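As structure tokens, the structure follows; a few thoughts come after it.
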Amino acid sequence: MNTVLPDFDPIPSSRQRIQVQVTTLKQAVDEADALAVPVAAGNEPPEELGVDLAGLKSAGFAGDRGRTLVLPRADGPVRVAVGIGSGDVDVALVRDLAAEFARAVPWHRKLAIEVADFGVPVADFAQAVTEGVLLARWRYFVGRDADRPTLESLHIVASDQDTAEAGAGAERGRIVAAACSLGRDLANCPATTLSAARMADVAVEVGTAAGLEVEIFGKDELIALGCGGLLGVNRGSVEPPRMIRLRYVPDEPTGRIALVGKGVMYDSGGISLKPSDESHAQMKNDMTGAAAVLSSMTALRDLGCRTAVTGYLMCTDNMPSGSAMKLGDVLTIHNGTTVEVLNTDAEGRLVMADALAMATEEPVDAIVDIATLTGACLRTFGTEIAGVMGNDPRVVEQLRQAGDVVDEPVWELPLIRSYRSQLDSAIADLTNMGGMNAGSITAALFLEEFVDGRPWAHVDIAGTAQLPAPRTWRNKGATGFGTKLLIEFALRFARPGTS
Ligand code: BES
Ligand code: MN
Ligand code: ZN
């Protein structure tokens, strides 16, 4: 283990406390240093902007959707004209526009936005604004931060009658944004710093603080449990593996779900070594699934979630070495299923298999797994949409709806059962490699073998786990995609058959 190098806190950005408060316009003008003013395309802007339509036009600003113009003033906060375009404004657009505002004033620390009458409920508006601003200003940074443009506070300006609703929405937004920031921090942290053991330390720290029960399983416990998938992948690494089990149990739960996250802290490919290109350098984020499960679960108590949630984080590196698994090796998964390893780079499904099998041993209404599982999913959808497959359309549909609400979209691929024969092995129950084509589907068919018929869906986030450039509230680099999706899924979960 790395005990020689000086090291840093793996989750620095998510520790910042940003104040979100509901205030009057006067207070915002007195205290904030930047104030957003929405401008509809072609309309005369509100008076507090201090410039009229002609003035805006002369500066080349026509109120186009998502465009911003910063207007400096001698007195009070700078005004930021935020174009809302023409046509309907929904929650996703409010979140995006708030993010554009926050990005337009990157050095300002105290931002203010007034609740606008777009037909969006006040609480949803305040939540979306808070998420948009806080997430747009998130940044992973482990250097000296003296000159860093940190956000200190967000004022949401609301009328007296809207104060309570706006406050409740803002608080939900703050909780969600904090969870997302944790997910992003974890996914961006370099792999040598965020080993499986360190991930377990973080889970104990943040999980306990969030009221979760946290259990850590080290190598000896995993051997006792027969978790041959996780242990097999771990064999090439000098870092020991960890399985982390988290439990959130509300009073009188309305349903029970298990979440399983792929926690490959670094995926070199193992003996089936990846080529040394940029995609290889991204493989520190191959634990984004585990990060999404942990970070989403930190928000459940504070959001009043009524679903009981058990999370499994399957954490290890995938490294080549003299002790690494060899092609042709056979691993025995927790439920006794044997797997012939034909490519050590198809390691995600191996570590997930143990947890899926364990999840079936307790009463559960649905199992959802989330993993940066296949390059094929990145090829299929690019970086904007995650893939989803499952054995129960009701679970898949609930994930799809949750993704729509939080703007982390997922799109279903068919689980074509006739492709299962591609996983046939001559010497074991199955192999870990399908054929050349439909790699996301054969990977899901592999996982399905371990859920013992329970309602189950698999989310492949290989594409959405990284973005090449920032966009609205989305960040460049490792995105931590899935945190908001899983929070919303757990909040709205209805047992299949009850809705
Ligand atoms: N972690 C990768 C998948 C991945 C690729 C995520 C690109 C993000 C970007 C996974 O472990 C992997 O290597 N999958 C292989 C499977 C194959 C060997 C069957 C792949 O997709 O090439
Ligand atoms: Mn791999
Ligand atoms: Zn991987």
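The values are calculated or read from the model by the stated rules, or taken from the named source; none is laboratory data. No experiment lies behind these values; they were computed from the predicted model shown. Glycine gets a Cβ as well: all are built from the backbone with ideal geometry, and neighbour counts include every protein chain shown. Note: areas computed on protein heavy atoms with side chains; ligands, DNA, RNA excluded. Shrake-Rupley method; radii C 1.70, N 1.55, O 1.52, S 1.80 Å.
Using a probe of 1.4 Å on the protein chains alone, the accessible area found for Ser237 is around 20 Å². Relative to the longest principal axis of the C-alpha atoms of the chain, give the angle of the C-alpha long axis of helix 393-406, reported between 0 and 90° and rounded to the nearest 10°. Its long axis makes an angle of about 30 degrees.
Shape class for region 143-196: oblate, because the ratio a/c of the largest to smallest gyration tensor axis (alpha-carbon atoms, square roots of eigenvalues) is 1.5 or more and b/c is at least a/b. Does anyone have the angle between helix 348-359 and the longest principal axis of the chain? Alpha-carbon axes, 0 to 90°, nearest 10? The angle comes out near 90 degrees.
Determine, for each peptide in 357-367, 64-74, the mean count of other beta carbons within 10 angstrom over its residues, then list the peptides with the highest first. Don't skip to the answer; put the middle values down first.
Details: 357-367: 19.4, 64-74: 14.2.
Order by mean packing, descending: 357-367, 64-74.
How much mean residue ellipticity at 222 nm does the chain get from its helices, if each DSSP H run of length 4 or more adds -39500 (n - 2.57) and you divide by all residues, to the nearest 500 deg cm²/dmol? Show your work: numbers first, answer last.
Details: 15 runs with 163 residues, N = 499.
Calculated mean residue ellipticity at 222 nm is -10000 deg cm²/dmol.
Counting protein heavy atoms only, region 17-159 has 49 percent of its accessible area on carbon and sulfur, 1.4 angstrom probe.
All C-alpha pair distances within region 151-299, sorted into 5 Å bins from zero, spread as 2, 8, 15, 18, 17, 13, 10, 7, 5, 3, 2, 1, 0 percent across the bins.
When you count the other C-beta atoms within 10 angstrom of each residue and take the mean per peptide, 421-428, 109-116, 252-259 line up highest first as 109-116, 252-259, 421-428. Apply the a/c threshold of 1.5 to the C-alpha gyration tensor of region 183-491 and tell me whether it is rounded, prolate or oblate. It is rounded, given that a/c, with a ≥ b ≥ c, falls under 1.5. In summary, the lysines within cross-link reach of Lys110, defined as a Cα separation below 22 angstrom excluding same-chain residues under 8 places away, comprise Lys26. If the cut-off is 12 Å between C-alpha atoms, which aspartates and glutamates fall inside it for Lys57, apart from same-chain ones fewer than 8 positions away? Excluding near neighbours in sequence, the set is Glu44.
Applying the Karplus relation 6.51 cos²θ - 1.76 cosθ + 1.60 with θ = phi - 60° to region 276-285 yields 3J(HN,Hα) values of 8, 10, 5, 5, 5, 5, 6, 6, 5, 8 Hz, where x marks Gly and Pro. Divide the volume of the convex hull around the Cα atoms of region 296-427 by the residue count and you get 152 Å³ per residue.
Taking 27 Å as the straight-line reach from the Cα of Lys274, the lysines in range (excluding those fewer than 8 positions away in the same chain) are Lys219, Lys262, Lys284, Lys326, Lys476.
Can you bin region 33-121 into rounded, prolate or oblate? Criterion: square roots of the alpha carbon gyration tensor eigenvalues sorted a ≥ b ≥ c, rounded for a/c under 1.5, prolate for a/b above b/c, oblate for the rest. Taking the square roots of the gyration eigenvalues as a ≥ b ≥ c, region 33-121 is oblate.
Under a 5 Å amide H cut-off, with hydrogens placed 1.01 Å from N, Trp456 pairs with Ile367, Asn391, Asp392 among residues at least 5 apart or on other chains.
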